[in-house]
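Have a look at the structure below, then the notes.
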Amino acid sequence: MYIISKKRFITILLTLLILIIFSAFYVENSISTFYIGKIEDPIRNGDDHTNKMAFTCNVDWGNEEIPKMLDIFEEKEIKITFFVTGRWASNNPELLKLIYSKGHEIGNHAYSHKMHSKIGEKQNYEEIKKTEEIIIKEIGFKPNYFAPPAGDYSDITLKVAKDLGYQTILWSVDTIDWRKGSTEELIIQRVMKKPHKGAILLMHPRPATVKALPYLIDKIKEEEIKIGTVSDLLSE
């Protein structure tokens with residue numbers, strides 16, 4: 001009968017323990033990597049064969065322009081998606097309620113407009129969740145869509161958003177209305193040179209955008225394209 005010495009037994013035991021720890025670490029990281037790799041990409045547009053497009057407006061400022069935009073949308077009989085930051089919603093609950101009461105869709109634009117690729121999982125979670133809680137408090141509705149500030153995100157951002165029940169939304173048509181020197185004419189040029197079928201258009205509450213909106217809406221409608229919310233576009 002072969003007898004293992006105490007010293008050899010301890011060595012074997014330690015070796016097995018190290019192997020078990022290493023295997024657990026490897027499996028955990030493999031699963032994590034595999035999971036992150038399966039996160040869906042952000043949605044930049046809908047079906048490019050559909051006669052629909054979505055208008056979105058990211059809101060962290062521009063209060064004086066929002067009522068003007070709402071009047072235009074009401075006159076033109078369209079609804080859009082407003083992505084609001086948590087800090088804006090917290091400071092402007094009545095304006096948020098007004099937007100929602102007009103039948104527009106509300107989306108989550110994170111709390112303080114951070115660059116989400118530069119922050120960790122905990123901060124990504126806090127930025128999105130805190131905004132969600134404010135929106136629910138003010139209008140009684142949890143948004144379905146998340147638009148990362150400046151379109152900036154990482155795999156962690158996408159994972160956190162998905163875990164919180166959001167689809168991450170970007171755009172295919174950019175007004176670039178936030179840029180200094182963006183006039184009504186430039187905004188119209190940028191929008192009209194892009195394909196509109198299935199598109200997601202991004203805007204902000206800027207004076208030049210308000211001026212450009214009636215023309216843009218009329219010209220896009222002439223293409224027999226229906227303008228609506230992100231939900232309208234993705235409903236197919």
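Here are some notes:
- Residue in segment 108-127 that is within 18 Å of SER231 (Cβ to Cβ) and either touching a Leu at 6+ places or on another chain (Cβ under 7 Å) or free of Cβ contacts under 8 Å to residues at least 60 places away in the same chain (or both) present: yes
- If you go through segment 69-79 and keep only what is touching a residue at least 12 places away in the same chain (Cβ under 8 Å) and outside any helix (DSSP H, G or I), you end up with ILE78, LYS79.
- Restricting LEU213, LEU202, LEU233 to those that are outside any helix (DSSP H, G or I), within 16 Å of LYS79 (Cα to Cα) and among the aliphatic types (A, V, I, L, M) reduces the list to LEU202.
- Checking each residue of segment 93-104 against the condition of being buried (at least 23 other Cβ atoms within 10 Å of the Cβ), closer than 20 Å to LEU201 by Cβ and in the same structural domain as THR168 (by TED's automatic domain parsing) gives at least one match.
- Segment 177-226, subset among the hydroxyl-bearing types (Ser, Thr, Tyr) and surrounded by fewer than 21 Cβ atoms within 10 Å (Cβ to Cβ), residue nearest to PHE55 (Cα to Cα): TYR215
- Against the test of being surrounded by 11 or more Cβ atoms within 10 Å (Cβ to Cβ) and at pLDDT below 95, the options SER32, SER23, SER5 yield a single qualifying residue, SER32.
- The set of residues from segment 184-199 being assigned to a helix (DSSP H, G or I) and not polar (S, T, N, Q) comprises GLU184, GLU185, LEU186, ILE187, ILE188, ARG190, VAL191, MET192.
- Taken together, ILE188, ILE135 contain a single residue that is closer than 18 Å to HIS113 by Cα and over 14 Å from the mean Cα position of the chain (by Cα), which is ILE135.
- Segment 49-78, residues that are more than 17 Å from PRO207 (Cα to Cα), among the charged types (D, E, K, R) and either modelled with pLDDT under 95 or touching a helix residue (DSSP H, G or I) at 6+ places or on another chain (Cβ under 7 Å) (or both): LYS52, LYS76
The values are calculated or read from the model by the stated rules, or taken from the named source; none is laboratory data. Just so we're clear, the structure is a prediction, and the values are computed from it rather than from any experiment. Glycine also receives a Cβ, built like all others from the backbone with ideal geometry; neighbour counts cover every protein chain displayed.
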